[in-house]
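J.: Please read through the structure below; I'll follow up with questions.
All of the numbers you see were taken from the coordinates with simple rules; none came from a lab. Everything numeric here is computed off the predicted structure, so don't read it as measured data. Note: ideal-geometry Cβ built from the backbone for every residue, glycine included; neighbour counts use all protein chains shown.
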Amino acid sequence: MANRTVALVPAAGRGLRMGGTIPKQFLTLGGLPLLVHTLRVLEAEDAVHEIVLAVPEADRDFCLREIVTRHGFTKVKKIVAGGERRQDSVRHGLQAIGDSAEFVLVHDAVRPFLTREMIRRVLEQAAKHGAAVVAVPMRDTVKQVGADGLIQSTVDRQRLWLAQTPQAFRLSLLQEAHRKADLDGMHGTDDAQLVERLGHPVAVVDGSGENIKITRPEDLAIGEAILAARKGQPS
Ligand code: C5P
């Protein structure tokens with residue numbers, strides 16, 4: 001169990017923002033589903049021992065056949081049904097993991113440009129602090145806007161960061177955070193938020209502008225460009 005890390009990949013979004021009918025994690029980039037790109041990096045990284053996927057209930061067989069078996073992802077041990085919200089999908093994944101690891105690395109299926117170095121750095125910080133996330137500093141000027149469409153104030157961006165995944169946690173800590181959120185009926189948009197509200201520190205590790213989340217049709221074009229620029233480079 002010591003130092004054992006399970007990667008938990010929420011891939012159960014319906015991707016309605018894409019406007020299509022194919023769930024966005026199955027959309028293709030360079031001719032391969034996003035999920036395949038994401039899993040390749042997790043499969044290649046020695047610090048990840050096992051992978052648990054959460055996909056829409058109706059896609060479990062498809063995912064096992066067309067993604068996991070077809071592409072030979074031997075670390076994928078469980079494919080669970082996702083839930084209504086991302087947080088529910090992660091909770092289902094955590095239930096499947098049980099107590100079989102010391103660390104859990106949560107990574108969104110729709111961020112195919114994570115790197116092995118990112119995984120190692122975030123796990124290193126999680127070993128030190130219990131929780132760590134990959135994030136990038138805010139580069140744009142941030143405005144607070146009223147319901148009337150008028151700017152109320154400019155937020156100091158010096159201390160603002162945009163959280164990405166991977167996010168790594170001591171497994172028992174993330175389990176506790178999800179239990180508490182569930183009990184309180186609290187809904188967060190990432191896992192770190194649930195840990196923060198326990199009052200537990202969460203470390204930040206430098207992410208990358210390339211580690212984009214593919215959620216809108218225009219993101220696919222950016223993704224293709226990143227993929228082309230990376231051709232031949234190690235992940
Ligand atoms: O919804 P959002 O864009 O934040 O999705 C981030 C990740 O969470 C995606 O990989 C998506 O497939 C996953 N997700 C999920 N279950 C949901 C909603 C989103 O696993 N109910």
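J.: Can you give the extra length, in nm with one decimal, that the chain gains between D182 and R85 once fully stretched, where that is 0.36 nm per residue apart less the Cα-Cα distance?
T.: On the way: separation 97, 0.36 × 97 = 34.92 nm, distance 1.23 nm.
Here the segment from D182 to R85 would lengthen by 33.7 nm.
J.: With a cut-off of 8 Å between alpha carbons and a minimum separation of six or more residues, what is the relative contact order of the range 137-184 in percent?
T.: Numbers: 33 pairs, mean separation 14.3, N = 48.
Relative contact order for the range 137-184 comes out at 30 percent.
J.: Please list the non-local residues whose amide H lies under 5 Å from the amide H of V155, H modeled 1.01 Å from N, same-chain partners needing a gap of 5 or more.
T.: So V155 has HN proximity to V142, K143, Q144.
J.: How much of the calculated P(r) for the range 91-169 lies past 17 Å, in percent of all Cα pairs? Before the final figure, lay out the partial values.
T.: On the way: 1864 of 3081 pairs.
So the pairs more than 17 Å apart make up 60 percent of the total in the range 91-169.
J.: While we're on this one: With θ set to phi - 60°, apply the Karplus curve 6.51 cos²θ - 1.76 cosθ + 1.60 along the range 58-66 and write out the HN-Hα couplings as whole Hz, x wherever there is a Gly or Pro.
T.: 5, 9, 4, 5, 4, 5, 5, 6, 8
J.: Another one. What FRET efficiency do you get for A221 and S153 if R0 is 30 Å and r is their Cβ-Cβ distance, rounded to the nearest 0.05? Don't skip to the answer; put the middle values down first.
T.: Numbers: r = 34 Å, r/R0 = 1.14.
So, using R0 = 30 Å, E works out to roughly 0.30.
J.: Can you give the FRET efficiency for S172 and A58, using 1/(1 + (r/R0)^6), R0 = 35 Å, r = Cβ-Cβ distance, to the nearest 0.05?
T.: With R0 = 35 Å, the Cβ-Cβ based efficiency is 0.60.
J.: In addition: Are there any trypsin sites (Lys or Arg not before Pro) in the range 135-198 that are in a DSSP loop and have at most 15 other Cβ atoms within 10 Å? List them by number. Numbers along the way, then the final one.
T.: Values: sites: R139, K143, R157, R159, R170, R179, K180, R197; in loops: R139, R197.
Passing both the DSSP loop test and the Cβ count: R139, R197.
J.: For the chain, what does -39500 (n - 2.57) per DSSP helix run (n ≥ 4), summed and divided by total residues, give at 222 nm, in deg cm²/dmol to the nearest 500?
T.: On the way: 6 runs with 71 residues, N = 235.
After summing the helix terms and dividing by the residues of the chain, the value is -9500 deg cm²/dmol.
J.: Also, I was wondering about something else. Given Cα positions, please report Rg to Rh for the range 5-230, the hydrodynamic radius being the Kirkwood one. Each step should come with its number before you reach the end.
T.: Working: Rg = 17.4 Å, Rh = 18.1 Å.
On the Cα set of the range 5-230, Rg over Rh gives 0.96.
J.: Under 15 Å Cα to Cα from K231, which aspartates and glutamates show up? Leave out anything in the same chain fewer than 8 places away.
T.: E210
J.: With unit charges on the beta carbons (Lys and Arg positive, Asp and Glu negative) and the dipole taken about the Cα centre of the range 5-230, which residue among I151, V52, L42 sits farthest to the positive side?
T.: The Cα lying farthest towards the positive end belongs to L42.
J.: Just to be sure I understand: of the beta bridges DSSP finds with both ends in the range 122-235, what percent are antiparallel, rounded to 5? The partial results should precede the final answer.
T.: Numbers: 10 of 14 bridges.
Around 70 percent of the beta bridges assigned by DSSP in the range 122-235 are antiparallel ones.
J.: If each Cα of the range 164-219 is one equal point scatterer, what is log10 of I(q)/I(0) from the Debye formula at q = 0.13, 0.23, 0.29 Å⁻¹?
T.: Values, matching the q order: -0.41, -0.92, -1.18.
J.: So what J values fall out for the range 159-168 if you push phi through Karplus, 6.51 cos²θ - 1.76 cosθ + 1.60 with θ = phi - 60°, rounded to Hz, Gly and Pro as x?
T.: Each residue of the range 159-168 in turn: 10, 9, 10, 9, 6, 10, 10, x, 10, 10 Hz.
J.: Here is a follow-up. Give the relative contact order (percent, whole number) for the range 3-124; include only Cα pairs under 8 Å separated by 6+ residues.
T.: Numbers: 217 pairs, mean separation 48.0, N = 122.
Averaging sequence separation for qualifying contacts and normalising by length gives 39 percent for the range 3-124.
J.: Assigning unit charges at the beta carbon (Lys, Arg +1; Asp, Glu -1) and nothing else, what dipole magnitude in debye, to the nearest 20, does the chain show about its Cα centre? Display every interim value, and only then the final one.
T.: Numbers: 31 positive and 29 negative charges, 51 e Å.
Dipole of the chain, to the nearest 20 debye: 240 debye.
J.: In nm, give the distance between the simple-model label positions of T189 and A127, each being 7 Å from the Cα along the Cα-to-Cβ direction.
T.: So the label points at T189 and A127 sit 3.2 nm apart.
J.: For the residue pair K77 and W161, what label-to-label distance in nm results when each label sits 7 Å from Cα along the Cα-to-beta-carbon direction?
T.: Between K77 and W161, the simple spin-label model gives 3.0 nm.
J.: Oh, and also: I need the phi-derived Karplus couplings for the range 203-213: 6.51 cos²θ - 1.76 cosθ + 1.60, θ = phi - 60°, integer Hz, Gly and Pro marked x.
T.: 7, 10, 10, 4, x, 8, x, 7, 7, 7, 9
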